[in-house]
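Read through the structure below, which is laid out as structure tokens, and then see the notes.
The values are calculated or read from the model by the stated rules, or taken from the named source; none is laboratory data. Quick caveat, the model's predicted, so the values are computed rather than measured. As a convention, Cβ positions derive from the backbone with ideal geometry for all residues, glycine included, and neighbour counts pool all protein chains shown. All accessible areas refer to the heavy atoms of the entire protein, side chains included, with ligands and DNA or RNA removed. Shrake-Rupley method; radii C 1.70, N 1.55, O 1.52, S 1.80 Å.
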Amino acid sequence: MSTQKVVAPNGNRSGPALSADHLSKRFGDRVAFEDVSFEIDYGEVFGFLGPNGAGKTTTVRTLSTLISPTSGSATVAGMSLVPANGVEIRQRIAIMPESPGLYLRLSVAENLECFAGLYRLPDACQRIDRALRAVNLAGRANDLCGKLSKGLRQRVSLARALLNDADVLFLDEPTSGLDPVAAREVHELIDGLRQRGVTIFLTTHRLEEAERLCDRVALLNTTLRAIGRPDDLRRQLFPAVLLVRTLVPLPDPDLVFSGLPAVDSWRQDASGAYILTVSDTIVAAPTLTRALVAAGADVLSIAESHHSLEDIYLELIDEDVEAGTI
Amino acid sequence: MSVSMTCVRAIYRKELREYRRNGSIIAGMTVIALIFVIIPLIEFVALPASASRTLRTGDALAYMLGIPAIVPAFVAAYAVVGERQQGTLEPVLTTPIRREELLLGKALAALVPSLAVAYAVYAFVLACIDLFAQPVVASALITVPGVLTQLFFTPLICGWSIWVSIAVSTRSSDTRGAQQLSVLGGFPVILVANLIAFNAIHPTLSMVIIIAAVMLVLDGIGWRAVSTAFDRERLITHIR
């Protein structure tokens, strides 16, 4: 997929692209989300993660002016989130919902033509052509949407979200239903949009997708459980770990590992590898290497163990499960 | 508030395209209208010449004003609840379109086929009467004031029916329920039309003008009232 033809977004770039300040939404007694605060810069890809029912979709609907917050404030594409700004905010944003919501009796081009009209775009034909080429659907413009596969409908929905060159793009599960090749093309498209300064608010259950694409992620489970760069969250949640593999087991590992600077503790796993919890890998790794060589160990590898975003997610959600919040 | 005709036109064109692609919509409207007229038409055709004297005292064809009261309900009742059920409402509401523009586009799109069906069926009835009824009966039934009344009141009644149906559609969670309730909205018009047809009411010119003016105002108020009742949040979340 290509983003070469996507023009630069609107000019007003003072302040964050998206911000929420103690934003909450309740439906009667039920809390959809509560006390959500964040700031997202222009050109940032922001992952919004959380289990089903966590309030992600309601947050997106609130930020896109579909529903009103119960309390708190927000700015969207540089405009305060108040009913009076609804039309102008919606002019500057685009949403790709999880369900494509296409008119199945209309062709791909007719669907996009309708939305080009709703966005009041003067150069509709060029925009439609550009959006279709961006999602590799130029050859399917005249196909009825009802006859497209789920994956192709998802692409039409993405093309629709590209029509108005939005400043802020909300993508809800953009690769749901797509095959790996098409999903990779969507990832490339998102990368291209980021480079052009488009802010992307990405809601996804695919954690590897979030890890690959997002500058920062937020984990929501009614309230914000964590927010930050995946690396920062890893550091906050998990101690640094060095993994040592040797050809033969060490005769007295405690003698080697105990007392090394920055090494807090060690244990051996079932495969025979040594797992060392360290406070600072930069300090621990060189001294550990010297200690192993001095002990005559046949070292196969010394590596920093890497926790995935999934580990972070599960760590935080498990906390909620234990606390009985889900 | 200014109305963007670009947005209205986008919705209008989309709706008409959907009607065109789904032939059963227009066919269904036409069949309903024909069912409404077929028995009275047979009776008119079968009337003896002597019946013309009675027919001259009223406007027997006024009952046909019931067609524009009923037919639009079948498309307009779908306007909001149908989009909601097929998941297309949310993407539309995330665009800059105002609710007034969305509803006006929907209403105009419902008006066009409804008018076409109502006028076509009326023309069909007139043609049948002219061809098959006794000439004196035909001349008693087909009068210039009667035809003008039909031509003039059909869009006004369609408008009323459309706004009632869209109002029902915005509050309903089921398409079939919305259609049934919407048809009920046309009953006051059918009642008045039948009272005129059966000579229970003898409308004067001034009465006709007043009724037309009232309906025109009601159509305008209907647009604003339905727009006010159109609650994005309730439609999207199904809560409130």
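Below, the figures for the structure above:
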read-out: Which numbered condition A:Ser157 fails, given (1) hydroxyl-bearing (Ser, Thr, Tyr); (2) away from chain B (no Cβ under 13 Å); (3) buried (at least 18 other Cβ atoms within 10 Å of the Cβ); value: (2)
read-out: Residues (outside any helix (DSSP H, G or I) and facing chain A (nearest Cβ under 7 Å)) located in region B:1-17; value: B:Ser4
read-out: Which listed residue is open to solvent by 60 Å² or more (accessible area, probe 1.4 Å) and under 30 Å from A:Ala77 (Cα atoms), from A:Arg235, A:Arg290, A:Arg206, A:Arg267; value: A:Arg206
read-out: Residue that is nearest to the other protein chains (Cβ to nearest Cβ), among those in region A:20-64 that are on the phi < 0 side of the Ramachandran plot and in a loop (DSSP other than H, G, I, E, B); value: A:Ser64
read-out: Helices (runs of 4 or more DSSP H) wholly inside region A:213-314 containing at least 3 residues that are of a type in the set (A, V, I, L, M, F, W, C) and more than 30 Å from A:Leu171 (Cα to Cα); value: A:253-257, A:281-294
read-out: Conditions (1) within 8 Å of chain B (Cβ to nearest Cβ); (2) assigned to a loop (DSSP other than H, G, I, E, B); (3) within 15 Å of B:Ile97 (Cβ to Cβ); number of the one not met by A:Ile67; value: (3)
read-out: In region B:73-109, residue farthest from the other protein chains (Cβ to nearest Cβ) [restricted to those that are in a loop (DSSP other than H, G, I, E, B) and under 24 Å from the mean Cα position of the chain (by Cα)]; value: B:Ala77
read-out: Close pairs (6 angstrom Cβ cut-off, 6 or more residues apart or separate chains): more than 8 Å from every other protein chain (Cβ to nearest Cβ) in region A:104-115, part of a loop (DSSP other than H, G, I, E, B) and surrounded by 21 or more Cβ atoms within 10 Å (Cβ to Cβ) anywhere; value: A:Asn111/A:Leu102; A:Asn111/A:Tyr103
read-out: Residues of region A:236-264 that turn out to be touching a residue at least 24 places away in the same chain (Cβ under 8 Å) and small (Gly, Ala, Ser), as a count; value: 2
read-out: Residue satisfying all of: in region B:18-40; under 26 Å from B:Ala62 (Cα atoms) and of a type outside the set (A, V, I, L, M); farthest from the other protein chains (Cβ to nearest Cβ) among these; value: B:Pro40
read-out: Any hit, region A:153-161, residues being in contact with a helix residue (DSSP H, G or I) (Cβ under 9 Å, 6 or more places away or on another chain) and assigned to a loop (DSSP other than H, G, I, E, B); value: no
read-out: Near pairs, Cβ below 7 angstrom, 6+ apart or cross-chain, from region A:171-189 (open to solvent by 10 Å² or more (accessible area, probe 1.4 Å)) to any residue that is in a strand (DSSP E or B); value: A:Asp172/A:Met96; A:Asp172/A:Thr203; A:Glu173/A:Thr203
read-out: A:Leu171, sole failed condition from (1) more than 13 Å from chain B (Cβ to nearest Cβ); (2) closer than 17 Å to A:Phe201 by Cα; value: (1)
read-out: Qualifying residue in region B:30-46 (condition: surrounded by 19 or more Cβ atoms within 10 Å (Cβ to Cβ), touching a Gly at 6+ places or on another chain (Cβ under 8 Å) and closer than 27 Å to B:Gly220 by Cα); value: no
read-out: A:Val198, sole failed condition from (1) within 14 Å of another protein chain (Cβ to nearest Cβ); (2) in contact with a Leu (Cβ under 6 Å, 6 or more places away or on another chain); (3) of a type in the set (A, V, I, L, M, F, W, C); value: (1)
read-out: Failed condition for B:Gln85, given (1) under 30 Å from B:Val226 (Cβ atoms); (2) out of contact with any Asp or Glu (no Cβ under 9 Å at 6 or more places or on another chain); (3) open to solvent by 10 Å² or more (accessible area, probe 1.4 Å); value: (2)
